[in-house]
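Q: Handing you this structure, nothing more for now.
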Amino acid sequence: RETHLLASLNHPNIAAIYGLEEADGKPFLALELVEGEDLKERLARGAIPVDEALEIAKQIAEALEEAHGRGIVHRDLKPANVKLTPDGKVKVLDFGLAKAWAGDASGVNSGSAALSQSPTLAHTGTIAGVILGTAAYMSPEQARGKPVDKRADVWSFGVLVWEMLTGRTLFAGDTVTDVIAAVVTREPDL
């Protein structure tokens with residue numbers, strides 16, 4: 001049900017989901033191929049000039065507004081999930097942790113990667129106390145495993161804008177636990 005809802009998103013700033021398919025008994029999503037670098041790659045070169053950052057932010061906000069209008073929360077907005085196309089378009093990717101506010105899903109996925117990219121836990125169901133998202137970009141309520149709504153994406157959006165303008169992450173730490181502690185207990189030093 002959630003996949004079909006996500007596939008119904010049709011917006012120029014959201015990467016399309018073309019279908020839910022199956023191969024060898026395993027389900028997979030057929031997604032739009034989006035050319036270009038992701039925001040993480042762009043940020044590796046440093047802060048983004050204000051005019052460029054504002055244009056990127058505007059397009060991300062438009063994508064989130066479309067999703068939120070359909071009751072969908074991304075829950076994992078981060079630089080690696082934002083593509084910058086060669087023609088200047090911004091595409092928000094990977095609604096893999098997204099959840100329809102009224103929906104429910106079951107299943108477990110796990111994985112690990114660099115601290116700024118790895119989900120702290122990647123269960124994809126509605127389970128009280130489960131943390132979903134990427135530590136450095138998640139809202140305090142999300143970091144605490146509490147229910148989230150579109151405000152969690154607004155928080156992540158603000159963290160992204162901060163990073164675009166400064167070239168630095170807002171919440172950092174040596175471990176995922178340190179980052180979550182910073183999100184939950186520390187006032188950002190703006």
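Q: Taking the full set of protein chains and a 1.4 angstrom probe, give the accessible area of T177 in square angstrom, rounded to the nearest 10.
A: 100 Å²
Q: So, with a 1.4 angstrom probe, what is the percent of accessible area on region 128-190 that is carbon and sulfur?
A: Carbon with sulfur: 55 percent of the solvent-accessible area.
Q: Here is a follow-up. What does region 48-91 give for Rg and for Dmax, in Å, if only its C-alpha atoms count?
A: Calculated on Cα positions, Rg and Dmax stand at 11.1, 32 Å.
Q: Let me ask another. What does the accessible area of V154 come to, in Å² to the nearest 10, when a probe of 1.4 Å is used?
A: Rounded to the nearest 10, the figure is 90 Å².
Q: Under a 1.4 Å probe, what is the accessible area of region 1-52 per residue, stated in Å²?
A: With all protein chains present, region 1-52 gives 67 Å² per residue.
Q: Which percent of the accessible area of region 3-61 is formed by carbon and sulfur heavy atoms (probe 1.4 angstrom)?
A: 55 percent
Q: Here's another thing I want to ask about it. Measuring from centroid to centroid over Cα atoms, what is the spacing of region 148-190 and region 1-43 in Å?
A: So the separation of the two Cα centres works out to 25 Å.
The values are calculated or read from the model by the stated rules, or taken from the named source; none is laboratory data. These numbers were taken from a predicted model, which means no experiment stands behind them. Ligands, DNA and RNA are stripped out before the accessible areas are found, and what is left, the full protein with its side chains, is counted by its heavy atoms. Shrake-Rupley method; radii C 1.70, N 1.55, O 1.52, S 1.80 Å.
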